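First up is the structure itself, then whatever we jot down about it.
Each value in this text was obtained by applying a stated rule to the coordinates, not by laboratory testing. As the structure is a computational prediction, the values presented were derived from the model and not from experiment. Cβ: placed from backbone, ideal geometry, glycine included. Neighbour counts: every protein chain shown.
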Amino acid sequence: MDKQNLEHLRHSTAHLLAAAVLGLYPETKRAIGPAIESGFYYDFDFKEPLSEEDLPKIEKKMEEILKSWNSFEKKEISVEEANKEFKNEPYKLELIEEFSKEGKLLTIYKSGDYDDLCKGGHSKNPQKEIGAFKLLSIAGAYWKGSEKNKMLTRIYGTAFATKKELDEYLAMLEEAKKRDHRKIGRELDLFVISNLVGAGLPLFTPKGTLLRDLLAEFSESLQKKYGYQKVWIPHIAKTDLYKKSGHWDKFGDELFLVKSQETDDQFVMKPMNCPHHIQIYESRPRSYRELPIRYMETTTVYRDEKAGELSGISRVRSLTQDDAHAFCKMDQIEQEFENIMTMIKTLYGSLNMKFKARLSFRDDSDKYLGDKKNWDVSEKIIEDVAKKLDINYVAVKGEAAFYGPKIDIMVVDALGREWQCATEQLDFVQPERFGIKYIDADGQEKNPVMIHKALLGSIERFLSVYIEHTSGSFPTWLSPVQVSILAIADRHNEYAQKVNQQLKDAGIRSEVDTRSERLQAKIRDAALQKVPFMGIIGDKETDTKEVSVRIRGGEDLGSLTVDSLINKLQEKIDKKI
RNA sequence: GCCGAUGUAACUCAGUUGGUAGAGUAACUCUUUCGUAAAGAGUAAGUCGUGGGUUCAAAUCCCACCAUCGGCUCCA
């Protein structure tokens, strides 16, 4: 079934849902019910609150009604007719008024005994085409998405042409639940959240910190190759800095405020790093010969997200960026973007993740600042670089920030879900706003162009995606524990500890399990911790001074000397696999 | 912030119409010394999210707050 037919099928199922709801709860007022990417929803204004337990009942009613739905009949109606027809449906009346003002033709679609104000897009024969559907959840949603409006009850569902496709989709949802980074984060002991520290302020355990550091080091090592120099900045700054940068207005009440008790100074926890990096640039006169100047660091910013938007380590109030700013001349941005896109290719390629680039350009409206000529030139450069490096991209007009075009990197995970991670942003405005300059070859002062870049984006957010992508089975170089040495019986503990020490001395993250447990139990525990290598030590190994190696997934590599195990591991670590 | 759900031991969860808390896993102790995904027995562990209220009596009913989860413009 093609995409359009699937959309029609789902939209038809949304009608079916509304028909069932009206059948069961006649006093319910209908809002809208579109098809969405993963299914459909319908917003209702229920007289009595609905709960998840009511969904099976509604599904059953839908099945019943579907039997009599073998067509959709379209009817054009006048505004007067429509107002009469929907006189008890306040949301529909609002739509009718809106559409008639816009001069749209009003249509209703009827199937069985049910009709609805609708612009169309249905299955020809719903009874035949709707193979399988399921109502998934219930949620609140504002009428027309505005928090000023009334909160409606939204019922989410999905539908497919066949039962098999539905089952596959539901299995994917189950798999996603199993991979939830919050669950895995607890099971693998990566991070914790303390009520006393606060919501959205995760704390990282030794294992989680190792992951963070390794990823950050990887990002930094790539950047160093391209001339990025590490800097360090404090995490608070006077409000004046952000008033000048414009972030004071932009971030508004998302800023955490810090009050000095010694002076009258009012500080802000930094929500961004660019104004600070600009201060370093500005600290002395700059020559065109120095450019590009590239500052980077892995540093935490603080943003007071709305309480309801926090989630695990994916949406937090303290987030750590592998942030960098390159100051350059217009004729250098091509090389800079090429460097950045190459780094991104290397990074995500190495982490075994596919990505798409979304190029956000301006349109012809006047909300954009900076010289239009510079915009045109740089947009072309960005797109050329994407083409040259053979990057899967889409260009979208009208999506750019007011201060410059940008590239968003959408990472695709193992379940096919897309996540925005890295962002690369050209900025014509802040250099002007802060009045930073360089002296060009002709002796004139000019504003440099600024490029904001992050490869991983927020490390917390990237980790949440990466944990779900790998379901916690990290490659050896990233695994918090790379080898678990399992002693079969107490008499093997001494040699096991020796092997463990040898591995540690070689720089391998090894641990030894000397508990009074059976081998099976030790293997099970190491497997649950997703440890990539297990070294088993019993009588045989103690005699031959070797170690039997089992790898994640169960494969038995047989007996190896400790040195060859170290070599094997070192090779994986070096290759980042 | 708003709608809805949830909050009981470290974790996963049970706890009937209000009568003062239970299981499995983990931890600890003992026994067992075992060859590729869970040995056995025992011990300890809870301000029932927090604070108020109703009641002779509250995990259970009411109110407020905190936190977590699913959502909150993929537009008739």
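With R₀ set to 35 Å, the beta-carbon distance separating residue A:417 from residue A:380 gives a calculated FRET efficiency near 0.65.
Each Cα pair under 8 Å and six or more residues apart adds its separation to the average, and for the stretch A:109-179 the resulting relative contact order is 26 percent. Of all lysines in the structure, the ones whose alpha carbon falls short of 27 Å from that of residue A:67, not counting any fewer than 8 places away in one chain, are A:3, A:29, A:57, A:75, A:92, A:110, A:119, A:124, A:128, A:134, A:163, A:164. Compactness of the stretch A:161-200, taken as the C-alpha radius of gyration over 2.2 N^0.38 Å, stands at 1.77. Note that the stretch A:34-103, at 20 °C in a medium of 1.002 mPa s, gets a Stokes-Einstein diffusion coefficient of 140 µm²/s from its Kirkwood radius over C-alpha pairs. Note on chain A: semi-axes of the ellipsoid equivalent to its C-alpha gyration tensor, largest first and rounded to whole Å, are 48, 39, 22. When +1 charges are put on Lys and Arg Cβ atoms and -1 charges on Asp and Glu Cβ atoms, the dipole computed for the stretch A:1-142 relative to its Cα centre reaches about 380 debye.
The charge dipole of the stretch A:424-562, taken about the Cα centre with unit charges on the Cβ atoms of Lys, Arg (+1) and Asp, Glu (-1), comes to about 340 debye, rounded to the nearest 20. Computed from the Cβ-Cβ distance with R0 of 30 Å, the FRET efficiency linking residue A:83 to residue A:139 stands at 0.50.
Mean residue ellipticity, 222 nm, helices only, chain A: the sum of -39500 (n - 2.57) across DSSP H runs of n ≥ 4, divided by residue count and rounded to 500, is -11500 deg cm²/dmol. Going 7 Å from the Cα of residue A:576 toward and past its Cβ, which residues in the stretch A:221-256 have a backbone nitrogen under 13 Å from where you end up? In the stretch A:221-256, the label zone of residue A:576 (backbone N under 13 Å from the point 7 Å along Cα→Cβ) covers A:221-226.
In plain terms, the residue of A:263, A:153 with the fewest other Cβ atoms within 10 Å comes first and the most crowded comes last, giving A:263, A:153. A Cβ-based charge dipole, computed about the Cα centre of the stretch A:141-274 with Lys and Arg at +1 and Asp and Glu at -1, lands at about 300 debye. Evaluating 6.51 cos²θ - 1.76 cosθ + 1.60 at θ = phi - 60° for every residue in the stretch A:220-229, the Karplus couplings come out as 5, 5, 5, 5, 4, 4, 9, x, 7, 10 Hz, glycine and proline recorded as x.
Using a 10 Å cut-off around each Cβ, can you sort A:239, A:544 from fewest to most neighbouring Cβ atoms? Provide the component values of the computation, followed by the final result.
On the way: A:239 16, A:544 11.
By the 10 Å Cβ count, ascending, the order reads A:544, A:239.
Please arrange A:556, A:253 by counting, for each residue, the other beta carbons lying within 10 Å of its beta carbon, fewest first. The partial results should precede the final answer.
On the way: A:556 11, A:253 8.
Starting with the residue having the fewest Cβ neighbours, the order is A:253, A:556.
Start at zero, step by 10 Å, and the Cα-Cα distances of the stretch A:511-577 spread as 19, 52, 26, 2 percent across the bins.
Ordering of A:354-360, A:390-396 by packing is A:354-360, A:390-396, highest average first (other Cβ atoms within 10 Å, averaged per residue). Label reach from residue A:3 (point 7 Å along Cα→C-beta): in the stretch A:339-371, amide nitrogens under 17 Å belong to A:356-359. Work out, in µm²/s and without decimals, the Stokes-Einstein translational diffusion coefficient of the stretch A:42-189 at 25 °C, 0.890 mPa s, Rh from Kirkwood over C-alpha pairs. D, rounded to a whole number, is 135 µm²/s. Overall shape: oblate for the stretch A:140-251, with the ratio a/c of the largest to smallest alpha carbon gyration tensor axis at 1.5 or above and b/c at least equal to a/b.
Using only the alpha carbons of the stretch A:299-444, what is the convex hull's orientation-averaged projected area in square nanometres?
Answer in nm², one decimal: 11.1.
Close amide H pairs (under 5 Å, H built 1.01 Å from N) link residue A:156 with A:136, A:137, A:138, A:139, residues at least 5 positions away or on another chain. Summing charges over neighbours of residue A:49, with a neighbour being any other residue whose Cβ is under 15 Å away from its Cβ, gives -2 when K and R count +1 and D and E count -1. Only Cα sites of the stretch A:358-423 enter the Debye sum here, all with the same form factor; the resulting log10 I(q)/I(0) across q = 0.25, 0.29 1/Å is -1.09, -1.29, listed in q order.
Ellipsoid semi-axes for the stretch A:404-497, based on the Cα gyration tensor and the rule √(5λ), read 49, 20, 8 Å when sorted largest first. Potential lengthening of the chain between residue A:197 and residue A:520 amounts to 112.4 nm, from the contour at 0.36 nm per residue minus the alpha-carbon distance.
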